[in-house]
Structures are given as structure tokens and as C-alpha cells.
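Notes follow the structure.
The values are calculated or read from the model by the stated rules, or taken from the named source; none is laboratory data. Source: prediction; values computed, not measured. Backbone-built Cβ (ideal geometry, glycine too); neighbour counts: all protein chains shown. Protein only, heavy atoms only, side chains kept; ligands, DNA and RNA dropped before computing areas. Shrake-Rupley method; radii C 1.70, N 1.55, O 1.52, S 1.80 Å.
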Amino acid sequence: MRILVTNDDGVYSPGIAALAQVASRFGEVRIVAPDVEMSSASQSITASRPVNWKRTALPGLDAYRVNGTPGDCVMLGTTLWEKVDVVLSGINLGTNLGNAVWHSGTLAGAKQAALLGRRGIALSAPATDKGQPDFDALKPWVASVLELLLGIPELCLVNVNFPAKAPRGTLWTRQSLRHYDGRVVPAKDPMGRTHYWFTVVPVEATEEGTDRWAIEQGYVSMMPLALDLTDHAQLANMQKMEAWRKLKFA
Ligand code: MN
């Protein structure tokens, strides 16, 4: 099995090395990742300039860096290395739950794989008291989850999040739709100029059965995703009321 490993924290993140080391047990592994952090870059593709491809020395790993986004890395990685079966993205330094599914660069790496007809699995973990996830402690759990997911070929796109402490097990989840108020907080830089922080403040309680709920209960969240963003319930509603909910240009 050919496994392309990417992330949005950059090629030098400890999370990508940990993921590539675990993935090596399941097949041939190559890292292709952004040269700098691209968190929250979502699924952008660099279209206004060319991108570079450079070999990167990571101990025991076949690694390349690209001056682009996670989406670029997957585009380029699957072109220059043929027959990639699955793209693993992560392990992100921080969770990707609920609304983060829209913003996440980690998830975008996996989504780009799915758009290209490959399988994609995104993996994220919260920081511990040490300031970043404890990757050595996580590795056995990552291995178990990958063994489970890689063995289910019908799963094209999965978002995996690990809890902060040793997990109680795994749960299949749906996306938390908890809104956030997206507050923009002004502050001053050292020169006295005003700048702004985008903050994420949840406004509702966690809904049972969601990705966020699983993490709060100490489980690994495994959320299958679809590329189809259509609101099928609303589509059916609109089609039922078609007589008056559409325009006719004759
Ligand atoms: Mn990140």
C-alpha cells in the first residue's frame, strides 16, 4: 500500500513524523508537506504562482516540502508519486472538531485526496499540559485506529480526533454543529497599532453523539465524511414546492 503523509503544521512538525513512523507499518510511506505552518488554510490551492518541491532530511523518512498548502501537497504528491492508495493528514497539533471541519488544513489534505479519487484520513490530537500532544503515548492508539480504518475500503474520507488522555475506545460520530460567535478581539502591537485576533467562542452545549462529545467523554472520534455538501432535506422541500419556489425565464 502506498501512503502519502501530509499535514498543515508544516513538514518539521513532530506530529507528521509520528504519523509517518506509525504508517510505515502498513505500507510504503512518503511525506509531502507544506514548508511552513498552514493551519486553517482549508482546501485552498495555489493558482497564482508555481510551487517548489524540495527533498527534506527527516531521520529515517522519505520527505519533501512544498511552498504551498496541504491541498497543493496532495495534488503534487499524488502526481509525482503514482498509485497512492491513501493520504494520511496530521497528526495535527490540536483538535479538528465541529466547525473546524470547514477551516482545517489538516482535514483539507484528506479531502483533497478524496476529490482525487483516493482515500483520505485526517488525524488530530489536543495539546497536553506539556504544550503539544504526547505523540509517543499516542502512537499505539494511532496504529490501532489506522489498522481498523485501512481495513474498511468503503470509507473514503474520515476525520479522526484523539482525546487528551488515554482513550476509552473509539466512537463513530457525526459533526458537532455547535455555533460559535466568532468574536474579533482588538489588541495593540508593540508600536501601538491596533490589530485583531479571531477567537472561537462556543455558544451552545455539546450535542451527544457528535465528534466533540466523543472527545469530551474520552473516546477517539471517527467521523465519516462525504464530499457532497448538498442539503438533501432542503432540496427535497424545495422540489416539493417547485411550483412557486422557482423562476421561469421563457
Ligand atoms: Mn494545524
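Points worth noting:
- Region 1-157 - percent of accessible surface contributed by carbon and sulfur, probe 1.4 Å: 54 percent
- Cα centroid separation, region 207-250 to region 149-204: 19 Å.
- Across F198, F26, F162, the residue with the most accessible area heads the list, and the full order at a 1.4 Å probe is F198, F26, F162.
- Phi angles of region 24-31 translate, via the Karplus equation with coefficients 6.51, -1.76, 1.60 and θ = phi - 60°, into HN-Hα couplings of 4, 6, 10, x, 7, 10, 9, 8 Hz per residue; Gly and Pro are given as x.
- For region 140-250, alpha-carbon Rg relative to the globular expectation (2.2 N^0.38 Å, N residues): 1.60
- Where labels lie 7 Å past Cα in the beta-carbon direction, separation of V185 and K139 in nm: 3.6 nm
- Estimated 222 nm signal from helices in the chain, with DSSP H stretches of n ≥ 4 weighted -39500 (n - 2.57), rounded to 500: -7500 deg cm²/dmol
- Computed over neighbours whose Cβ is under 13 Å from that of R174, the net charge equals -1, Lys and Arg +1, Asp and Glu -1.
- For the cross-link pairs K83/K165; K111/K139; K54/K188, the ones whose C-alpha atoms lie over 26 Å apart are K83/K165; K54/K188.
- Considering all different alpha carbon pairs of the chain, the Kirkwood hydrodynamic radius works out to 19.2 Å.
- Our Cα-only numbers for region 1-118 put the radius of gyration and Dmax at 12.6, 38 Å.
- Whichever lysines have a C-alpha closer than 25 Å to that of K248, once near sequence neighbours (fewer than 8 apart) are set aside: K240
- Average accessible surface for region 151-214: 67 Å² per residue, computed with a 1.4 Å probe over protein heavy atoms with every protein chain in place.
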